[in-house]
Amino acid sequence: MACASIASACICMLAQAQVDLYSLEAAYVYNFTQFTQWPATRASGPLTVCVNPRTELGAALAKLDGRTVSDRAWRVQPVPDGAALAACNVLIVEDAASNAASKSASASELPILVIRAAEADTGEGPYIVALVRDGDRLRFDIDNKEAARRRVGLSSKLLRLARNVS
């Protein structure tokens, strides 16, 4: 009986830790947007974050819906297909569908901050930011060449905080 209670408590604590990690990832994504500049043609209107809403990270990001970043309303929406990706300022890659969207011809040249989630089930891709779990810490790597190619400017403050910048 005591073993069952301890096992149950451990499972509950592990589940709580996972929820906190997704909230932490969402906070990172939110902060990344505060240190990102988009081209003038994309710097007004709502700041649209495209993510799979059925994932835990998607749910954590949805809780930030309605906040503001540089006087722009934060809006979370499901990852669209094809040309509709042009509406995204941020694309969270965490599953096969969002990975395919990030690699599509319609997305390849768009000024979108592409972020790979830490638990993503995707291979290599053209990511600007890749979240990485480093033990019990959350870190991130930046591909500054990809950011420049997409015409997305990243603050020097953000670059200094990255684990790796290429």
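The values are calculated or read from the model by the stated rules, or taken from the named source; none is laboratory data. Just so it is clear, the structure is predicted and the values come from calculations on it, not from any experiment. We place every Cβ from the backbone using ideal geometry, glycine too, and count neighbours over all the protein chains shown. All accessible areas refer to the heavy atoms of the entire protein, side chains included, with ligands and DNA or RNA removed. Shrake-Rupley method; radii C 1.70, N 1.55, O 1.52, S 1.80 Å.
Structure notes:
- The set of residues from segment 64-76 being surrounded by fewer than 17 Cβ atoms within 10 Å (Cβ to Cβ) and in contact with a strand residue (DSSP E or B) (Cβ under 9 Å, 6 or more places away or on another chain) comprises Asp65, Gly66, Arg67, Thr68, Ser70, Ala73.
- Segment 40-63: number of residues that are at pLDDT 95 or above, farther than 22 Å from Asp20 by Cα and open to solvent by 90 Å² or more (accessible area, probe 1.4 Å): 0
- The set of residues from segment 96-136 being part of a loop (DSSP other than H, G, I, E, B), aliphatic (A, V, I, L, M) and in contact (Cβ under 8 Å) with a residue 40 or more places away in the chain comprises Leu110, Ile112, Ala117, Ala118.
- When Ala100 is tested against (1) at pLDDT 95 or above; (2) open to solvent by 20 Å² or more (accessible area, probe 1.4 Å), only condition (1) is not met.
- Filtered residue count, segment 80-93, keeping only those that are under 13 Å from the mean Cα position of the chain (by Cα) and open to solvent by 40 Å² or more (accessible area, probe 1.4 Å): 0
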